[in-house]
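Before any comments, here is the structure.
The values are calculated or read from the model by the stated rules, or taken from the named source; none is laboratory data. What you see is a predicted model; the values in this text were computed from it and never measured. Here the Cβ positions follow ideal geometry from the backbone for every residue, glycine too, while neighbour counts run over all protein chains shown. What goes into the accessible areas is simple: the full protein's heavy atoms, side chains included, and nothing from ligands, DNA or RNA. Shrake-Rupley method; radii C 1.70, N 1.55, O 1.52, S 1.80 Å.
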Amino acid sequence: MSNAPSLQLDSATLVEAYDRLGIRQFHHGLQLLDVLGLREGERALDVGCGTGRLTESAAQRVGQHGEVLGLDPLPLRVQRALERAQGRFAVRVGRAEALDTVPDAHYDVVYFNSVIHWIPDQAQALREAWRVLKPGGRIGFTTMPEEAPHDLHVVLRALFAGEPEWQRAGIGAPNKLTRERSAALLQGAGFEVTYNEIRTFGDSFDNVDDVLAFSRSSSFGNFLSSLTPGDVARVRARLASALEPHRSARGYALTRRMIIAAAHKPLAH
Ligand SMILES: C[S@@+](CC[C@H](N)C(=O)[O-])C[C@H]1O[C@@H](n2cnc3c(N)ncnc32)[C@H](O)[C@@H]1O
């Protein structure tokens with residue numbers, strides 16, 4: 001995968017799978033909303049809202065006097081988010097790097113939940129977030145720390161190490177950050193960092209197909225997309241064996257670590 005993931009691989013099947021399996025992203029997303037202190041009456045922008053599960057929670061938090069907009073570049077995910085919204089929040093197709101339809105200084109909170117690592121030009125995305133935030137507004141994101149990868153990625157990296165062809169496939173998202181780079185990115189855009197920690201979450205997966213469906217749907221089809229069907233079958237078989245040491249009573253037990261970073265736009269700038 002280059003540093004720009006394909007936005008052409010999504011499908012109704014992947015959307016349905018993400019809506020079910022993306023409950024994991026939802027859980028750390030709720031923690032992000034807590035860290036950001038999103039409250040009643042505020043305006044929030046959910047960049048890369050996917051199928052809108054967290055957007056719905058944000059809308060519940062801000063209530064009827066607040067306002068929430070979700071943006072995502074994938075029309076099928078926007079469609080699912082719109083079905084979920086039932087008019088309680090707005091959703092549109094859009095990309096983080098070009099928030100063209102969003103007015104200046106409009107939002108109290110802008111957040112990216114499990115999104116920033118997919119964005120090729122992260123600095124441009126943060127410049128846009130800065131533009132649409134009110135003075136004093138808050139920004140936050142969750143992302144996979146490069147320095148403390150998901151257990152699944154550790155297993156996959158070991159599997160892929162001996163297979164030059166497989167290494168092209170990439171593991172996880174192409175633009176991962178560390179805590180240090182997260183802070184530098186926010187500060188580079190002019191924000192003052194208020195929170196920057198790695199939190200740990202327990203993931204359980206029923207079987208190897210559940211793992212693959214999670215990875216494919218979370219990456220909107222990019223995971224293993226460059227491999228032949230034969231190689232994908234080989235990855236599946238070898239992954240099933242490699243995950244055996246992680247088997248527990250509730251399926252494979254794997255640990256996910258996430259950076260939660262938050263910052264604010266200074267009142268005077
Ligand atoms: C793992 S999903 C997270 C979805 C949602 N935020 C959630 O918490 O469930 C990643 C999302 O990032 C979106 N995305 C990818 N590139 C993007 C970009 N350049 N700008 C905005 N969103 C992007 C994808 O379309 C996808 O919906």
In nm, spacing of pseudo-spin labels at R88 and A161 (7 Å Cα→C-beta vector): 4.7
Estimated distance in nm for a label pair at Q8 and R250, the labels positioned 7 Å out from Cα along Cα-to-Cβ: 4.1
For segment 168-212: accessible area per residue (Å², 1.4 Å): 46
K265, K176, K134, ranked by accessible area, largest first (probe 1.4 Å): K134, K176, K265
Per-pair calculated FRET efficiency, R0 = 25 Å: A233 and R257 via Cβ, rounded to 0.05: 0.25
Taking only Cα atoms of segment 62-123, radius of gyration then Dmax in Å: 12.3, 35
Residue among F223, F141, F205 with the largest mean-square fluctuation in a Gaussian network model of the chain, springs linking Cα atoms under 10 Å: F205
Rounded tilt (10° steps) of 151-161 against the dominant C-alpha axis of the chain: 50
Computed accessible area, E146, all protein chains, 1.4 angstrom probe, square angstrom: 80
Estimated [θ] at 222 nm from DSSP helical runs (n ≥ 4, -39500 (n - 2.57)) normalised by residues in the chain, nearest 500: -12000 deg cm²/dmol
Nearest-20 debye value, segment 115-159 charge dipole, Cβ charges on Lys, Arg, Asp, Glu: 320
Nearest 10 degrees, 0 to 90: helix 12-21 Cα axis against the chain principal axis: 80
Span from the segment 1-70 Cα centroid across to the segment 72-92 one, whole angstrom: 10
Check: the chain dipole with +1 on Lys, Arg Cβ and -1 on Asp, Glu Cβ, in debye: 180
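How large is the convex hull of the Cα atoms of the chain per residue, expressed in Å³ as a whole number?
119
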Rounded, prolate or oblate (a/c below 1.5 giving rounded, otherwise prolate when a/b exceeds b/c) for segment 119-197 by Cα gyration tensor: prolate
Contour minus Cα-Cα distance for E180 and V154 (0.36 nm per residue): 7.3 nm
Per-residue HN-Hα couplings for segment 93-107 [Karplus 6.51, -1.76, 1.60; θ = phi - 60°; Hz; x = Gly/Pro]: 6, x, 10, 4, 7, 9, 8, 3, 8, 9, x, 5, 6, 9, 9
Computed log₁₀ I(q)/I(0) - Debye formula, equal Cα scatterers, no solvent, segment 66-163, q 0.15, 0.17, 0.18, 0.22 Å⁻¹: -0.72, -0.86, -0.92, -1.17
Sulfur and carbon atoms: percent of accessible area, the chain [1.4 Å]: 51
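DSSP beta bridges in segment 11-156, what fraction antiparallel, as a percent rounded to 5?
Approximately 5 percent, going by the DSSP bridge assignments.
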Gained length - R20 relative to R39, 0.36 nm times residue gap less alpha-carbon distance: 4.2 nm
Residue-normalised accessible area of segment 1-150, expressed per residue, 1.4 Å probe, Å²: 40
Solvent-accessible surface ranking, highest first, for M144, M258 at 1.4 angstrom: M144, M258
